[in-house]
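Report on the structure given below.
The values are calculated or read from the model by the stated rules, or taken from the named source; none is laboratory data. Note that the structure is a prediction, hence the values are computed from the model and not measured. Here the Cβ is made from the backbone with ideal geometry for all residues, glycine too, and neighbour counts use every protein chain on show.
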């Protein structure tokens, strides 16, 4: 039988938690890339939404254009983690993002876009793409309004 005094105990204070370090250059790069991806999304959905004649060339071109916006989700996740308060664990942040993604992709988006499709199919069949473009425009405006940490630069003549 072992004695409890013989076994070292670890408490939360004893366990070193890894600290997230916000690198302003990395944050600025992720922010610029996120904004570029949102602009690409906006352009692709606007092209698709204004393609009332149903041109396959425009549709395929817009899909090809949209493929260049693939880094949007990783950049947004990176920015959320880097800009969150440092005392909040990254796992909680990703858990909250997962819940929001699940609610949006399985509940809200199908309801919204199926309703728009049913209401506009007779007179403007691509209206749902324009609604998505407006959503990306709002996301772009919100992303550009982010306050990013400033880089610390040395003054002139300082090392």
Looking across the stretch 78-123 at residues that are part of a loop (DSSP other than H, G, I, E, B) and modelled with pLDDT under 90, the single one that is nearest to residue 53 (Cα to Cα) is 84
By residue number, the members of the stretch 56-85 that are loosely packed, with under 11 Cβ neighbours inside 10 Å and farther than 21 Å from residue 140 by Cα are 56, 57, 60, 85
Which numbered condition trips up residue 131, out of (1) at pLDDT below 95; (2) in a helix (DSSP H, G or I)? (1)
Residue under evaluation residue 113, criteria (1) under 21 Å from residue 133 (Cα atoms); (2) in contact (Cβ under 8 Å) with a residue 12 or more places away in the chain; (3) under 16 Å from the mean Cα position of the chain (by Cα), criterion not met: (3)
Determine if the stretch 96-108 includes at least one residue that is over 17 Å from the mean Cα position of the chain (by Cα) and in contact (Cβ under 8 Å) with a residue 40 or more places away in the chain. no
Name the residues in the stretch 65-75 that are touching a helix residue (DSSP H, G or I) at 6+ places or on another chain (Cβ under 6 Å) and either part of a loop (DSSP other than H, G, I, E, B) or touching a residue at least 60 places away in the same chain (Cβ under 8 Å) (or both), would you? 71
Return yes when residue 47 is over 26 Å from residue 24 (Cβ atoms), modelled with pLDDT of 95 or more, touching a helix residue (DSSP H, G or I) at 6+ places or on another chain (Cβ under 8 Å) and not in a loop (DSSP other than H, G, I, E, B) and no when it is not. yes
Sole residue being over 30 Å from residue 123 (Cβ atoms), in a helix (DSSP H, G or I), at pLDDT 95 or above and within 20 Å of the chain's Cα centre (by Cα), chosen from 42, 34: 34
